[in-house]
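Input: a single structure, listed below in C-alpha cells.
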Amino acid sequence: MTRRRDVTFVTSTKSTQKSYERWSAEEDAVLLGHPDMTAEELARLLPRRTPDAIRKRRSRKGRWSKVRTPLCSRCDERPVWTESPRARRMGLCKGCYLHEMEHRRREEKRSNALRQSLLKERRRSSREEKPTIGA
Ligand SMILES: [Zn+2]
C-alpha cells in the first residue's frame, strides 16, 4: 500500500476531527447533481468530504440516483425542499418557499382588504345613488 493516497486525505482536516458529520441536503444535491464528476473532483466542491467519503456516499445513494434533488427554480442555488410536498411541487428551496408563502399571505391580506373596502364603497354608493357601471 502506498502512502500517496493518504496525502490527499489530509487536506480535509475538518472531517477527521469529527467522526461523522451528517450529509446535508446541499451536499447531497451537489453529489447527485454531478454524476459525471469523479470523487476527487467532488471533494473539491465539498470541503467537508474526502474522496473516500464521497465514494461511500455514492454507493449508498446511487450515482445516478432517480431521487435526484433538483435545484430551486427561483434561486437556482439550493436544493428543493423535498420534505414539504408543497415546496416540492412548487420547485422551491426552503428559504424561497417560506419567502413565497409569506409574500402570498401579505398579498392575500391586501386583496381581502381591498375587496372589503370596494364592497363597502359599492353598498354605500348604491344606497346614495343609482348603481354605476363596472367595478
Ligand atoms: Zn431558492
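The lone criterion from (1) among the hydroxyl-bearing types (Ser, Thr, Tyr); (2) more than 16 Å from the ligand (Cβ to nearest atom); (3) surrounded by 14 or more Cβ atoms within 10 Å (Cβ to Cβ); (4) at pLDDT 90 or above left unmet by SER65 is number (4). Kindly indicate whether any position in the range 91-102 is within 10 Å of the ligand (Cβ to nearest atom), of a type in the set (Asp, Glu) and modelled with pLDDT under 95. The answer is no, given that none of the residues of the range 91-102 is within 10 Å of the ligand (Cβ to nearest atom), of a type in the set (Asp, Glu) and modelled with pLDDT under 95.
The values are calculated or read from the model by the stated rules, or taken from the named source; none is laboratory data. These numbers were taken from a predicted model, which means no experiment stands behind them. Note that each Cβ is placed from the backbone with ideal geometry, even for glycine, and that neighbours are counted across all protein chains shown.
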